[in-house]
1. Across region 1-60, which residue is farthest from Met109 (Cα to Cα) among those that are of a type in the set (Gly, Ala, Ser) and part of a helix (DSSP H, G or I)?
2. Given the criterion within 21 Å of Ala74 (Cβ to Cβ), hydroxyl-bearing (Ser, Thr, Tyr) and in a helix (DSSP H, G or I), identify the matching residue among Thr199, Thr135, Thr152, Thr107.
3. Is it the case that some residue within region 111-125 is of a type outside the set (A, V, I, L, M), buried (at least 17 other Cβ atoms within 10 Å of the Cβ) and touching a Gly at 6+ places or on another chain (Cβ under 8 Å)?
4. Which residues, taken from region 65-96, are among the polar types (S, T, N, Q) and either farther than 18 Å from Ile108 by Cβ or more than 16 Å from the chain's Cα centre (by Cα) (or both)?
5. Would you pick out the residues in region 60-99 that are surrounded by 14 or more Cβ atoms within 10 Å (Cβ to Cβ) and more than 23 Å from Phe129 (Cβ to Cβ)?
6. Of these, Ala76, Ala5, Ala64, which one is touching a residue at least 60 places away in the same chain (Cβ under 8 Å) and small (Gly, Ala, Ser)?
7. Name every residue in region 20-30 that is under 12 Å from Phe50 (Cβ atoms) and in contact (Cβ under 8 Å) with a residue 40 or more places away in the chain, in order of residue number.
8. Within region 148-184, work out how many residues are surrounded by 16 or more Cβ atoms within 10 Å (Cβ to Cβ) and either touching a strand residue (DSSP E or B) at 6+ places or on another chain (Cβ under 9 Å) or hydroxyl-bearing (Ser, Thr, Tyr) (or both).
Amino acid sequence: MPKVAYSEIDRNKIKEDLIETGLELFSKQGIQHTTVEQIYTRVGISRTFFYTFFPAKEDLVVEAFYCQQPKILAYAQKLMDDQTLNWHDKINHFLHDFCYGGQGHFTIMSVEEQQSFSKCLSGEKREEFQTRRLTFFKEVLNIFEIHADTQTTKLLGNLVFSAAVLCKAIPDTLPFLFSDAADDLAEFQINHILKYMETLHQS
């Protein structure tokens, strides 16, 4: 069977489709439970052709997270521009959607996924990933007019990301936490993060 010649435009479109499909599946069923085969089959290409775009699944995951960041920033900006909501409600909406990532179509890595993903990255790629995450979170805070230096940005990032990870971890990863109080825990964390953000917004 003759090989199909793809133009650069075609290849870029296929790569975008792979990333978008990956993001969709990651948000619905998790990164660990999403296979490369599921992604390339949906896009309609072969396994061999898939690997001409991404040498490994982890490379697709990295690109998917980079692709997700501007989507989250656009959502934050949309909330900030909503004149029907006060500042407090805008942040509250954002934090809830972020923490319950799957429902808001955001991909959040579980504890196991973070461990597995980190082991597959080189030191250089891991550092770049963290640097871009920090830049991304700074941009989120800027959109919401929250004034924070680098260390405070990292603290807020840890608070928000850990709340999201906990939401994802109960009950499967953390079976001995009380699952019927998981939503109460999320509310407690969100409320206290919001209070802290409010002090930085007013400063």
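Where a number appears in this text, it was derived from the coordinates with a stated rule and is not lab data. Keep in mind the model is a prediction, meaning the values are calculated, not measured. Please note: Cβ atoms are built from the backbone with ideal geometry, for glycine as well, and neighbour counts cover all protein chains shown.
1. Restricting to residues being of a type in the set (Gly, Ala, Ser) and part of a helix (DSSP H, G or I), the top hit is Gly22.
2. Thr135
3. Taking every residue of region 111-125 in turn, at least one turns out to be of a type outside the set (A, V, I, L, M), buried (at least 17 other Cβ atoms within 10 Å of the Cβ) and touching a Gly at 6+ places or on another chain (Cβ under 8 Å).
4. Gln77, Gln83, Thr84, Asn86, Asn92
5. Of everything in region 60-99, those that are surrounded by 14 or more Cβ atoms within 10 Å (Cβ to Cβ) and more than 23 Å from Phe129 (Cβ to Cβ) turn out to be Gln77, Leu79, Met80, Leu85, Trp87, Lys90, Ile91, Asn92, His93, His96.
6. Ala76
7. Gly22
8. Residues meeting the conditions: 1.
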